[in-house]
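Input: a single structure, listed below in structure tokens.
The values are calculated or read from the model by the stated rules, or taken from the named source; none is laboratory data. Not measured: the values here are computed from a predicted model. Neighbour counts are summed over all protein chains in view; Cβ atoms, including those assigned to glycine, are modelled from backbone coordinates with ideal geometry. The area values use the complete protein model at the heavy-atom level, side chains included, leaving out ligands, DNA and RNA. Shrake-Rupley method; radii C 1.70, N 1.55, O 1.52, S 1.80 Å.
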Amino acid sequence: MAVAARRERERTARREAILDAAEDLVASGGYHGLRMDAVAEAVELSKGTLYLYFENKDALCAAVATRFIDTFIPFLENALEGAVSGLDAIRALLHAQYQFTQENPQHFRFALGWLSAGQTIDDSSEDFQTYRSRVGLVLSILVSALQRGQGDGSVRKDIDPLNQAIQSWTSFLGVVLVGVNRESIEQRIPAPVDLEQLVPLHVDSVLRALASEGAS
């Protein structure tokens, strides 16, 4: 029993070391910098040994993304404190999402790089299923805020909370993309633009679309 417990501790420690190295590579090179051979070299493992822990790059990406989401979820939950209505909760969640990406731009760039890699994702690993459940949890937080708003009368009752949550989440990606690439965006727009106003403008448009008559 003692030997088995020690081996399990060693395996857990090695897995965490692999994920630490993967996060470092993501921070410096994004999704495309996360190469299996680079991770193996960073933790001084053979690629064969690395594949015993993560069977492919998608499994490793999923584990890295799960780590990121596990820091994001408490951020969202804290943002809900003090929200007096469902509509207020949605406002708080949108602002929190943007703030989090500004403080952790490497998380967003990695997620967007993985999303737009243009390849078939292998979702067969346990790591990917864990990641998928975390994505579901993030969506459920927004769905709950929408349902709360429908219950207290601040959000229209004719919308589908799940579809609206997905739409709100994905449409916000463009605003976040501008925020984490501000200098590059400013170089491309042939006019003076106050990019600081994009987030409040977007949030205002979302809230106006969701608000029931008389809500503010």
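Please tell me if Ala42 is out of contact with any Phe, Trp or Tyr (no Cβ under 8 Å at 6 or more places or on another chain), more than 20 Å from Tyr131 (Cα to Cα) and surrounded by fewer than 18 Cβ atoms within 10 Å (Cβ to Cβ).
It is true that Ala42 is out of contact with any Phe, Trp or Tyr (no Cβ under 8 Å at 6 or more places or on another chain), more than 20 Å from Tyr131 (Cα to Cα) and surrounded by fewer than 18 Cβ atoms within 10 Å (Cβ to Cβ).
Can you name the number of the only condition in (1) over 30 Å from Tyr51 (Cβ atoms); (2) more than 19 Å from the chain's Cα centre (by Cα) that Ser125 fails?
Result: Ser125 fails condition (1) only.
Could you give me the residue pairs with C-beta distances under 9 Å whose first residue belongs to region 96-123 and is within 17 Å of Phe68 (Cβ to Cβ) and in contact (Cβ under 8 Å) with a residue 12 or more places away in the chain, whose second residue is open to solvent by less than 30 Å² (accessible area, probe 1.4 Å) and in a loop (DSSP other than H, G, I, E, B) wherever it lies, and which are 6+ apart or on separate chains?
Correct list of pairs: Phe110/Leu34; Gly113/Leu34; Trp114/Leu34.
Quick one: in region 21-34, of everything that is of a type outside the set (S, T, N, Q) and free of Cβ contacts under 8 Å to residues at least 12 places away in the same chain, which residue is farthest from Asn56 (Cα to Cα)?
Selected residue: Gly29.
Tell me which of these Thr170 doesn't satisfy, since it passes every other one: (1) over 19 Å from Asp88 (Cα atoms); (2) touching a residue at least 12 places away in the same chain (Cβ under 8 Å).
Going through (1) over 19 Å from Asp88 (Cα atoms); (2) touching a residue at least 12 places away in the same chain (Cβ under 8 Å) one by one, Thr170 breaks only (2).
Return the total of residues in region 186-216 being open to solvent by less than 70 Å² (accessible area, probe 1.4 Å) and part of a loop (DSSP other than H, G, I, E, B).
5
In the list Val193, Val206, which residue meets the criterion of being more than 15 Å from Gly86 (Cβ to Cβ) and among the β-branched types (Val, Ile, Thr)?
Val193
Determine which member of the set Arg134, Arg148 is under 28 Å from Tyr53 (Cβ atoms), part of a helix (DSSP H, G or I), open to solvent by 40 Å² or more (accessible area, probe 1.4 Å) and among the charged types (D, E, K, R).
From the options Arg134, Arg148, the qualifying one is Arg134.
Tell me which of these Ala21 doesn't satisfy, since it passes every other one: (1) at pLDDT below 95; (2) open to solvent by less than 60 Å² (accessible area, probe 1.4 Å).
If we test Ala21 against (1) at pLDDT below 95; (2) open to solvent by less than 60 Å² (accessible area, probe 1.4 Å), just (1) comes out false.
Among Glu81, Glu183, which is in a helix (DSSP H, G or I), open to solvent by 30 Å² or more (accessible area, probe 1.4 Å) and either touching a residue at least 12 places away in the same chain (Cβ under 8 Å) or not small (Gly, Ala, Ser) (or both)?
Glu183
May I ask you to verify whether Leu146 is under 22 Å from Ala89 (Cβ atoms), of a type outside the set (Asp, Glu) and modelled with pLDDT of 95 or more?
Judged against the criteria, Leu146 is a match.
Determine, yes or no, whether Ser168 is farther than 22 Å from His32 by Cα, assigned to a helix (DSSP H, G or I) and among the polar types (S, T, N, Q).
Considered against the rule, which asks whether it is farther than 22 Å from His32 by Cα, assigned to a helix (DSSP H, G or I) and among the polar types (S, T, N, Q), Ser168 comes out as yes.
Does Ser125 meet the test of being open to solvent by less than 30 Å² (accessible area, probe 1.4 Å) and more than 28 Å from Ala13 (Cα to Cα)?
No; evaluated as a whole, the condition is false for this residue.
Residue by residue through region 56-78, note down the ones that are in contact (Cβ under 8 Å) with a residue 40 or more places away in the chain and surrounded by fewer than 16 Cβ atoms within 10 Å (Cβ to Cβ).
Asp70, Ile73, Glu77
Working only within region 151-161, note down all residues that are without any contact (Cβ under 8 Å) to a residue 24 or more places away in the chain and either under 19 Å from Phe72 (Cβ atoms) or assigned to a helix (DSSP H, G or I) (or both).
The answer is Pro161, and nothing else.
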